[in-house]
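The values are calculated or read from the model by the stated rules, or taken from the named source; none is laboratory data. Owing to the predicted nature of the structure, the values given are computational and were not obtained by experimental measurement. Cβ: placed from backbone, ideal geometry, glycine included. Neighbour counts: every protein chain shown.
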Amino acid sequence: MDDYLVGVLSNIGIISFVALSAYLLLLTGEISFGQQAFFAIGAYAAGIATALWGWPLSAALGWGAATAGAAAILVGIPTLRLHGLYFAIATLAFAEMVRLLFELFRYQLTIDGELVGPNGSDGFRGIRYIFENDVSSLQFLVLIYLLLIIALVAFMLLERSRLGVTFRMIGEDATLAELNGVAVARIKVLAAGLAGALAGIGGGLYAHLTTYVEPRIFDVMLGVHSLAYGLIGGLGTALGPLLGVVIDIGLLESVRVFAGYRMIIFGGLVAVLLIVRPRGLLDERAVHYLSRVWRR
Amino acid sequence: MLRLLFAGLIAAVCLAEAAAAQSMRAKADVECKPAGELLHYDCVIKLMNARTSEPLAGVTLMVGADMPSMPMMHNVRPVKAAPGADSGIYQARLVLEMHGDWAVQLNLSGPVRDRVVANIRFDPDRATPVVPSRARPGHKH
């Protein structure tokens, strides 16, 4: 397979994790502009685990997800008492705080005569696991998509489960859900933790794919995009955010005729869809219609 | 279905962790300058062994770029660098989508497999290496 295509597909797969992460919070009715913070935590944690501690990739990705999930729970406990705009601003403030902390974070060890590890604003170079272990780009792409399929299957199962229904119930009307005996705060913190872990897996994969991360990568642009993917693709199914990613990176970016104008088209697309289709292309009605057609 | 997926995942991870051979590390000096056309830059890349600083000749070098401020969202199609006159010197022309800070990715294959990232600020009239800690206002010493 062409290297460029492998690169684009890898990017689509990795950014899908952040998009799914934002989507999970959207299900519970909360808009987060801060999922890039958990992506960053996952990237640094997993990168440190392989590059500095010599962990295997699987353990490092798990560690990245666990660290990001734990951070999301810790942030979720105080912030999920806020709603709407206040919650969105709180998540954005947290994400910027994390980014600035990584600007100051230095933790380097001498590996093979070279200093390796996070070095503040200058970033974290030398996350060379895939090169040291002779993992090809194609093998890494397979790993990304296997993890993504597992995440999608988990989402499908979740949406059919009692917990998934509870997420949507809270998203529709948190007060009504609480009156029906749902422990809203606890469920929201659980959703935040799962969303953080998902973003953390994406971050871990990203760090190992590029071999280099720096704090600038994790600014608000990534958070806005991850949120926009769900809003474009649709909130009716977990495939919605993936559709958003494919439209943005797969179509607008890869079709060279849009190059340079992509951000304008993307912004316009979000604005138009928010007006004409506020819950995205694959909204609940579209999903219901498509599933009826599929059953026939 | 779920079991099958987990089995596949474990197999992929095992495959990825199977060979644990230490590979050679590369480092690079990248110098770019405007090529006369808008957003076209000619880059001269000096590849070296990171440990011994000896020039790295005979590798296949693909040069791509990504914007750190918009990761994964700008995919500059990687171009193959041509070997220069001297050992370890390669030349490539980059066609970017916009000016600004780019992380130039050097993907080495062949006798040496590695990826080296160089941060470069591409302005209309020049291209200069970026050290983020020195590039920030208020961080000048």
message: Quick check on the stretch A:17-37. Is at least one of its residues at pLDDT 95 or above, within 11 Å of chain B (Cβ to nearest Cβ) and part of a loop (DSSP other than H, G, I, E, B)?
response: no
task: Have a look at B:Ala81, B:Ala50, B:Ala57, B:Ala35 and point out the one that is buried (at least 21 other Cβ atoms within 10 Å of the Cβ) and aliphatic (A, V, I, L, M).
output: B:Ala81
statement: Across the stretch A:148-157, the tally of residues that are more than 7 Å from chain B (Cβ to nearest Cβ) and within 16 Å of the chain's Cα centre (by Cα) stands at 5
task: Return a yes/no flag: does the stretch A:233-246 have any residue that is within 14 Å of the chain's Cα centre (by Cα) and within 30 Å of A:Ala51 (Cα to Cα).
output: yes
task: May I ask you to list the residues in the stretch B:102-115 that are more than 8 Å from chain A (Cβ to nearest Cβ) and assigned to a strand (DSSP E or B)?
output: B:Trp102, B:Val104, B:Leu106, B:Leu108, B:Ser109
- prompt: Which one of A:Tyr289, A:Tyr261 is among the aromatic types (Phe, Trp, Tyr), more than 10 Å from chain B (Cβ to nearest Cβ) and more than 30 Å from A:Glu103 (Cα to Cα)?
  reply: A:Tyr289
- request: Could you list, in sequence order, all residues of the stretch B:64-79 that are among the aliphatic types (A, V, I, L, M) and closer than 15 Å to A:Tyr212 by Cβ?
  value: B:Ala65, B:Met67, B:Met72
- prompt: Could you say whether any residue in the stretch B:60-72 is facing chain A (nearest Cβ under 10 Å), of a type in the set (Val, Ile, Thr) and crowded, with 17+ Cβ neighbours inside 10 Å?
  reply: no
message: Return the residues of the stretch A:129-142 that are more than 7 Å from chain B (Cβ to nearest Cβ) and of a type outside the set (Gly, Ala, Ser); say none if nothing qualifies.
response: A:Tyr129, A:Ile130, A:Leu138, A:Phe140, A:Leu141
task: Write out, first by first residue and then by second, each pair whose Cβ atoms fall under 8 Å of each other, whose residues are 6+ apart or on separate chains, and whose first residue, in the stretch A:74-87, is closer than 16 Å to A:Thr175 by Cα while the second is modelled with pLDDT of 90 or more and of a type in the set (Val, Ile, Thr).
output: A:Leu80/A:Val189; A:Gly84/A:Ile31
- prompt: Among the residues of the stretch A:81-128, which ones are assigned to a loop (DSSP other than H, G, I, E, B), touching a strand residue (DSSP E or B) at 6+ places or on another chain (Cβ under 9 Å) and either at the interface with another protein chain (Cβ under 10 Å from one of its Cβ atoms) or not aromatic (Phe, Trp, Tyr) (or both)?
  reply: A:Gln108, A:Gly117, A:Pro118, A:Gly123, A:Gly126, A:Ile127, A:Arg128
- prompt: In the stretch B:96-125, which residue that is crowded, with 16+ Cβ neighbours inside 10 Å and touching a His at 6+ places or on another chain (Cβ under 7 Å) is modelled with the lowest pLDDT?
  reply: B:Glu97
- prompt: Would you say A:Gly196 is in contact (Cβ under 8 Å) with a residue 24 or more places away in the chain, within 19 Å of A:Ala154 (Cα to Cα) and touching a Lys or Arg at 6+ places or on another chain (Cβ under 8 Å)?
  reply: no
